[in-house]
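Student: Sending over a structure as structure tokens; questions will come in a sec.
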Amino acid sequence: MELVDTHCHLDIEECFPRFREVLLRARAASVHTLIFPGVDQARWQRLIGLCRQEEGIYAAPGLHPLYLSRHRPEHLEELEVLARRGGIVAIGEIGLDYFVESIDRTAQQLLFEEQLRIAASSQLPILLHVRKAHDRVLATLRKKRFSCGGIVHAFNGSLQQARQFIQLGFCISVCGTITYNRARRIRGIASELPQEALVLETDAPDIPPASHRGESNLPEFLPEILDALATLRGEPHELTASYTTANARRVLGLAG
């Protein structure tokens, strides 16, 4: 069994000072491929450096909507250079976050659209961060005619919204949320979506599975998310592992 963690932040040194140990434990748990999204320009150098050093980990640099105060116009220029140079698998994590009301929505929108332009011009998929802004993100993708697809990270929208993202070429990522019995809506969505639309993630160090509540999340916990998804869908765990891995590789253009 081989699993892909499509979204984890092991590059954050203060959270994972023993990076190599965490990576080895992930691999021992069958998590052989990991995607490291970026959040701001200051972390890109370490992010990309780690991915170059280690087999099976891939960089997706981007400018996160929650950290507008850290971003500068020249960071978009640098991101465009990185995208054109190659060696990254996606632009991420990018999008809109209306959950935090104090974050300027107009500035978020402009940042999102610029990163969509960079991704489109480089034919790269995107890793989407979306909270309470799913319809706005969908409208933007349609308006910009973005056709490179990607992954909706830690999906928290409705079933109808999930299906609209799928129609636009996106996979829906499920995380530790589905291991909580109280998360009825997202558990129901995960059980109904087609196999070809689902991928897995931990979002480490955030969103730990129920059995690790209160702990820092780790990629080695990804099999617990797999188990929860397989149980919800009433299918063999090996089947769930096979198609979620195949989906991640397809949408991100990774070699099999």
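Student: Which of (1) over 17 Å from P205 (Cα atoms); (2) part of a helix (DSSP H, G or I); (3) of a type in the set (G, A, S) does A26 not meet, given it meets every other one?
Tutor: Every condition holds for A26 apart from (1).
Student: Would you be able to say whether some residue in the range 224-244 is in a loop (DSSP other than H, G, I, E, B), hydroxyl-bearing (S, T, Y) and either closer than 15 Å to H153 by Cα or touching a Pro at 6+ places or on another chain (Cβ under 7 Å) (or both)?
Tutor: The initial filter retains those residues of the range 224-244 that are in a loop (DSSP other than H, G, I, E, B), namely 234-236.
This time we only want the ones that are hydroxyl-bearing (S, T, Y), so: none.
No - not one qualifying residue is present in the range 224-244.
Student: Which one of A162, A230 is free of Cβ contacts under 8 Å to residues at least 24 places away in the same chain and touching a Leu at 6+ places or on another chain (Cβ under 8 Å)? Lay out the reasoning, then the answer.
Tutor: Numbers: A162 fails: free of Cβ contacts under 8 Å to residues at least 24 places away in the same chain.
The conditions single out A230.
Residue by residue, here is whether (1) of a type outside the set (S, T, Y); (2) modelled with pLDDT of 95 or more holds:
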position: T6; (1), (2): no, yes
position: F16; (1), (2): yes, yes
position: I57; (1), (2): yes, yes
position: G86; (1), (2): yes, no
position: G95; (1), (2): yes, yes
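Student: Going by the structure shown, is E215 surrounded by fewer than 22 Cβ atoms within 10 Å (Cβ to Cβ), touching a residue at least 60 places away in the same chain (Cβ under 8 Å) and closer than 23 Å to A28 by Cα? Break it down stepwise before answering.
Tutor: Working: surrounded by fewer than 22 Cβ atoms within 10 Å (Cβ to Cβ): yes; touching a residue at least 60 places away in the same chain (Cβ under 8 Å): no; closer than 23 Å to A28 by Cα: yes.
In short, no.
Student: Which one of the conditions (1) out of contact with any helix residue (DSSP H, G or I) (no Cβ under 6 Å at 6 or more places or on another chain); (2) surrounded by fewer than 24 Cβ atoms within 10 Å (Cβ to Cβ) does T177 fail to meet, given that it meets all the rest?
Tutor: With (1) out of contact with any helix residue (DSSP H, G or I) (no Cβ under 6 Å at 6 or more places or on another chain); (2) surrounded by fewer than 24 Cβ atoms within 10 Å (Cβ to Cβ) applied to T177, the lone miss is (1).
Student: Here is a check on your reading of the model: is R20 in a helix (DSSP H, G or I), basic (K, R), farther than 21 Å from L252 by Cβ and at pLDDT 95 or above? Give the steps one after another, and end with the answer.
Tutor: Numbers: in a helix (DSSP H, G or I): yes; basic (K, R): yes; farther than 21 Å from L252 by Cβ: yes; at pLDDT 95 or above: yes.
Judged against the criteria, R20 is a match.
Student: Continuing with this model, one more query. Going by the structure shown, is Y98 surrounded by fewer than 22 Cβ atoms within 10 Å (Cβ to Cβ), over 23 Å from L200 (Cα atoms) and in contact with a strand residue (DSSP E or B) (Cβ under 8 Å, 6 or more places away or on another chain)?
Tutor: Numbers: surrounded by fewer than 22 Cβ atoms within 10 Å (Cβ to Cβ): yes; over 23 Å from L200 (Cα atoms): yes; in contact with a strand residue (DSSP E or B) (Cβ under 8 Å, 6 or more places away or on another chain): yes.
It is true that Y98 is surrounded by fewer than 22 Cβ atoms within 10 Å (Cβ to Cβ), over 23 Å from L200 (Cα atoms) and in contact with a strand residue (DSSP E or B) (Cβ under 8 Å, 6 or more places away or on another chain).
Student: Quick check, is G256 at pLDDT below 95 and either outside any helix (DSSP H, G or I) or under 24 Å from Q123 (Cα atoms) (or both)? Don't jump to the end; show me each part of the working.
Tutor: Working: at pLDDT below 95: yes; either outside any helix (DSSP H, G or I) or under 24 Å from Q123 (Cα atoms) (or both): yes.
Answer is yes for this residue.
Student: Tell me which residues, restricted to the range 42-86, are in contact with a strand residue (DSSP E or B) (Cβ under 7 Å, 6 or more places away or on another chain) and either aromatic (F, W, Y) or more than 25 Å from E14 (Cα to Cα) (or both).
Tutor: Y58, A83
Student: Which residue out of L82, L50, L34 is in contact (Cβ under 8 Å) with a residue 40 or more places away in the chain, within 25 Å of R249 (Cα to Cα) and part of a helix (DSSP H, G or I)?
Tutor: L50
Student: Looking at the structure I just gave you, is E114 over 24 Å from I57 (Cβ atoms), surrounded by 13 or more Cβ atoms within 10 Å (Cβ to Cβ) and not hydroxyl-bearing (S, T, Y)? Let's see the steps before the verdict.
Tutor: On the way: over 24 Å from I57 (Cβ atoms): yes; surrounded by 13 or more Cβ atoms within 10 Å (Cβ to Cβ): yes; not hydroxyl-bearing (S, T, Y): yes.
Yes, satisfied.
Student: With E201, E224 as the choices, which residue is charged (D, E, K, R) and either touching a residue at least 60 places away in the same chain (Cβ under 8 Å) or in contact with a Phe, Trp or Tyr (Cβ under 7 Å, 6 or more places away or on another chain) (or both)? Walk me through it before giving the result.
Tutor: Working: E224 fails: either touching a residue at least 60 places away in the same chain (Cβ under 8 Å) or in contact with a Phe, Trp or Tyr (Cβ under 7 Å, 6 or more places away or on another chain) (or both).
Step by step, each of E201, E224 is checked, and only E201 is charged (D, E, K, R) and either touching a residue at least 60 places away in the same chain (Cβ under 8 Å) or in contact with a Phe, Trp or Tyr (Cβ under 7 Å, 6 or more places away or on another chain) (or both).
The values are calculated or read from the model by the stated rules, or taken from the named source; none is laboratory data. Computed from a predicted model, the values in this text were never measured in an experiment. A quick note on method: Cβ atoms are made from the backbone with ideal geometry, for glycine too, and the neighbour counts reach across all protein chains shown.
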